[in-house]
1. Through the Karplus equation 6.51 cos²θ - 1.76 cosθ + 1.60, θ set to phi - 60°, convert the phi angles of region 180-185 into ³J(HN,Hα) values in whole Hz; use x for Gly and Pro.
2. On a C-alpha basis, how far is the centre of region 332-389 from the centre of region 239-297 in Å? Whole number, if you could?
3. Along region 134-141, what does the Karplus equation 6.51 cos²θ - 1.76 cosθ + 1.60 (θ = phi - 60°) give for ³J(HN,Hα), rounded to whole Hz, x for Gly and Pro?
4. Can you sort LYS208, LYS338, LYS354 by how many other beta carbons sit within 10 Å, fewest first?
5. Just to be sure I follow: if Rg is taken over the C-alpha atoms of the chain and Rh is the Kirkwood radius over the same atoms, what is Rg/Rh?
6. Take every Cα pair under 8 Å in region 1-79 that's 6+ residues apart, average their separations, divide by the length, and report that relative contact order as a whole percent.
7. When a footprinting reagent is the concern and you count Cβ atoms within 10 Å, what order do PHE173, PHE168, PHE218 take, fewest first?
8. Relative contact order for the chain: what is it in percent, counting Cα pairs under 8 Å that are at least 6 residues apart?
Amino acid sequence: MTETLIQPHGGTLVDCTLTGEARAAAAEGVATLPSVTLSERNLADLECIATGVYSPLDGFVGADAHRTIVDDMRLPNGLAWPIPITLQVGEADAPEVGAGLALRAPDGRVVARMTVTDVFRPDRRAEARAVYGTDDPAHPGVQAVLEAGPVYLGGPVEVFTDLPAGPFDDHKFTPARTREEFARRGWTSVVAFQTRNPIHRAHEYLTKVALETVDGLFINPLVGTTKAGDIPADVRMACYHVLLEEYYPPDRVFLGVYPAAMRYAGPREAILHAISRQNYGCTHFIVGRDHAGVGDYYGTYDAQRIFDDLGPEELAIETLNFEHSFYCRKCGSMASTKSCPHGAEDHVFLSGTKVRAMLAAGEMPPAEFSRPEVARILMDAQRDAEPTR
Ligand SMILES: [Zn+2]
């Protein structure tokens, strides 16, 4: 039945995971190779490449792809691709072109082999300006690019061991698995929701408005590294579980984690998020205001508008653009400025800062803003994080 699902980006789901004899042979063969140790972000990228989340990439990008992605948001073959997925090392670690390279997880374990096809030294500030719209080192995504080494290694990867287990492995599914699951459930239209925050009423509303028109909802929270100040993934997972149990129909929702790290690249990252979800088998992707943004680097609607820069055939997945939503006391329901004529005085709106202050003070946000079960978990987490209170 999988042929009724949407095609992966580029047409083929990539799988760089070796099994059986090939796995054993590769594991043996790397012992004599030079190695580099991956950062947490590199490891997340490796996992996304190897499992097909980043199809059609089959490795870290080489010099040609780096240039066309940075300049034109496309791979050398013309396929849309917004952010170069790179492996950067220091000069001392730079191998020869053609060399085999062992990739170590941050815990030191060798997990993959890479065939180095490209060793190059692009202008990292120019990359940052094109991809992130700024080369300000205070931007967390830019900072990661500038702090990683100046030497970029490109080439295909082969993973021959189970990647280090994460705390959410019971909710981690490869695109091949999600596609099986969607097919098993008879879903042919699936909307994906990317989030790195707890889901309050506003985002619950967006997901449910979308769910009214499609077969299923894939809640796909990002659990790779995020910046300091974001709510930890384990707390968020507890929130998603209680929300799904209490407020969503179980047969129409599927929860699986997105192993990628956050880049905070705003519009370009929105495209990466959409492509990844197409690879998981989703037909629709929710883009809210300020998607994947940080600080004031991007305009409110930039992440929605950037999809207009792509031709209609370039991505198979469709984006669903949403406004901020809120509870309106006059409407007596959730709404947005698209559907409610009333003024801000009738809307229950709390800033993130205000919510954090309330939770820290042990004060429940209104039920029109956050489900009490979710607020309770956040309040407990806040208290545990500040034992002096
Ligand atoms: Zn209203």
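Bear in mind that the values in this text are calculations on the coordinates, not laboratory data. As the structure is a computational prediction, the values presented were derived from the model and not from experiment. Quick reminder, even Gly has a Cβ in these numbers, built from the backbone with ideal geometry, and neighbours come from all protein chains shown.
1. 4, 5, 4, 5, 4, 7
2. One Cα centre to the other: 21 Å.
3. Rounded to whole hertz, the list is 6, 10, 5, x, 6, 6, x, x.
4. With the fewest neighbours first, LYS208, LYS338, LYS354 line up as LYS338, LYS354, LYS208.
5. Here the Rg-to-Rh quotient is 0.97.
6. Reported relative contact order: 38 percent.
7. Placing the least packed residue first, the sequence is PHE168, PHE173, PHE218.
8. 17
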